[in-house]
1. If you go through region 77-84 one residue at a time, do you hit one that is open to solvent by 40 Å² or more (accessible area, probe 1.4 Å) and either within 15 Å of the ligand (Cβ to nearest atom) or modelled with pLDDT of 95 or more (or both)?
2. Taking the criterion of being away from the ligand (no atom under 16 Å from the Cβ), open to solvent by 50 Å² or more (accessible area, probe 1.4 Å), on the phi < 0 side of the Ramachandran plot and in contact (Cβ under 8 Å) with a residue 60 or more places away in the chain, would at least one residue in region 214-231 satisfy it?
3. Which of the following residues is out of contact with any helix residue (DSSP H, G or I) (no Cβ under 7 Å at 6 or more places or on another chain) and closer than 25 Å to Arg46 by Cα: Val184, Val151, Val216?
4. Out of everything in region 41-57 that is open to solvent by less than 10 Å² (accessible area, probe 1.4 Å) and in contact with a Lys or Arg (Cβ under 9 Å, 6 or more places away or on another chain), what residue ends up being farthest from the ligand (Cβ to nearest atom)?
5. Please determine whether any residue of region 5-22 is over 18 Å from Ser231 (Cα atoms) and within 13 Å of the ligand (Cβ to nearest atom).
6. Looking only at region 203-213, how many residues end up being surrounded by 15 or more Cβ atoms within 10 Å (Cβ to Cβ) and under 19 Å from Pro190 (Cα atoms)?
7. Could you list, in sequence order, the residues of region 130-151 that are more than 17 Å from Met18 (Cα to Cα) and of a type in the set (S, T, N, Q)?
8. Taking the condition open to solvent by 70 Å² or more (accessible area, probe 1.4 Å), among the polar types (S, T, N, Q) and at pLDDT 95 or above, does Asn240 pass?
Amino acid sequence: MTVPTEIPTVTLAGDVTMPMVGFGTWPMKGHQACEAVLTALRTGYRHVDTATMYANESEVGHALRESGLPRQDVFLTSKLRAADAGREREMLSRSLRALGTDHLDLWLVHWPPRGRASVSAWREMLALRDEGLTRAVGVSNYSLTLIDELVKVTGEAPAVNQIHWNPRRYDAGLLQGLRERGVVVEGYSPLKDTNLNDRVLTEIAWAHNATPAQVVLRWHLEHDIAIIPKSAEPKRIAANLDLFGFSLDPAEVARIDGLAAR
Ligand SMILES: NC(=O)c1ccc[n+]([C@@H]2O[C@H](COP(=O)([O-])OP(=O)(O)OC[C@H]3O[C@@H](n4cnc5c(N)ncnc54)[C@H](OP(=O)(O)O)[C@@H]3O)[C@@H](O)[C@H]2O)c1
């Protein structure tokens, strides 16, 4: 995969390279989803996050073809709905058809099926990965306990856990627990639930000639947390990728970590 040089990458199990910044696509649909993904790809994003539940996979596929980028240059994530556990093969082939590709880069269980780890779904996902239909498999919204159940039975940890993350949700123990298990952390909704007028963020933003939103996204990267911000606005799509002209020092990172305690 060729990734624009400034976007950092992380290596997932199986030697799969994932750009640390991706483009979130929920809740965009139809023309808006297609236009936004195309704008993101033209802006330099090389990682797109979709899901069966978002009902926009065909628009993501359309935008990918329209961009003219080679398939192997864009990291594609989709997700299995919890309610579709037991129909993994059928649902993955539907996602592939909608996206117009013969493989995903990452396929996640969207939520724990009926609140459980669902070892049977995990086994089937590993088998589909071994067949080459997705390069990596992972989970979303899983606790450490649920991940441990998967590992205990199959010996394989999810490559990624995609979880709700922002300064208010900062949890050093959870991060450490996931890292100890070799699970890469991907945060969702980094901006939506963050008070972008908070003084800590505005002061740090001012010091770096950046916006509070860029500071929040950069804070994730300082913690090695992959991000998938969504925007339908070309200016914000560009700003959310413009994170590499500055960095946060440990004291600034700690101040933002401290927002969780308030
Ligand atoms: N695994 C899961 O269960 C799960 C759950 C939720 C989301 N996700 C994924 O994570 C992605 C991101 O999460 P999200 O969409 O919930 O939240 P988000 O990316 O934190 O926030 C999106 C919202 O913030 C606005 N925004 C974007 N950039 C901004 C900026 N620079 N300054 C100010 N506002 C900005 C957007 O408005 P505009 O569009 O008008 O710019 C939109 O209203 C989703 O798109 C989806 O792919 C996964």
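1. Let us first name the residues in region 77-84 that are open to solvent by 40 Å² or more (accessible area, probe 1.4 Å), namely 81, 83.
Checking which are either within 15 Å of the ligand (Cβ to nearest atom) or modelled with pLDDT of 95 or more (or both) leaves us with 81, 83.
Yes, that holds for at least one residue.
2. no
3. Details: Val151 fails: closer than 25 Å to Arg46 by Cα; Val216 fails: out of contact with any helix residue (DSSP H, G or I) (no Cβ under 7 Å at 6 or more places or on another chain).
Answer to the check: Val184.
4. Asn56
5. Checking region 5-22: not a single residue is over 18 Å from Ser231 (Cα atoms) and within 13 Å of the ligand (Cβ to nearest atom).
6. Just the residues of region 203-213 that are surrounded by 15 or more Cβ atoms within 10 Å (Cβ to Cβ), to begin with: 204-205, 208, 210-213.
Within this subset, residues satisfying the condition of being under 19 Å from Pro190 (Cα atoms) are 204-205, 210-213.
Here the count works out to 6.
7. If the condition is that a residue be more than 17 Å from Met18 (Cα to Cα) and of a type in the set (S, T, N, Q), then Asn141, Ser143, Thr145 are the ones that fit.
8. Details: open to solvent by 70 Å² or more (accessible area, probe 1.4 Å): no; among the polar types (S, T, N, Q): yes; at pLDDT 95 or above: yes.
No: the conditions fail for Asn240.
The values are calculated or read from the model by the stated rules, or taken from the named source; none is laboratory data. The model shown is predicted, which means the values in this text are computed figures rather than measured ones. In this analysis, Cβ positions are derived from the backbone assuming ideal geometry, glycine residues included, and neighbour counts consider all displayed protein chains. Side chains included, ligands, DNA and RNA excluded: accessible areas come from the protein's heavy atoms. Shrake-Rupley method; radii C 1.70, N 1.55, O 1.52, S 1.80 Å.
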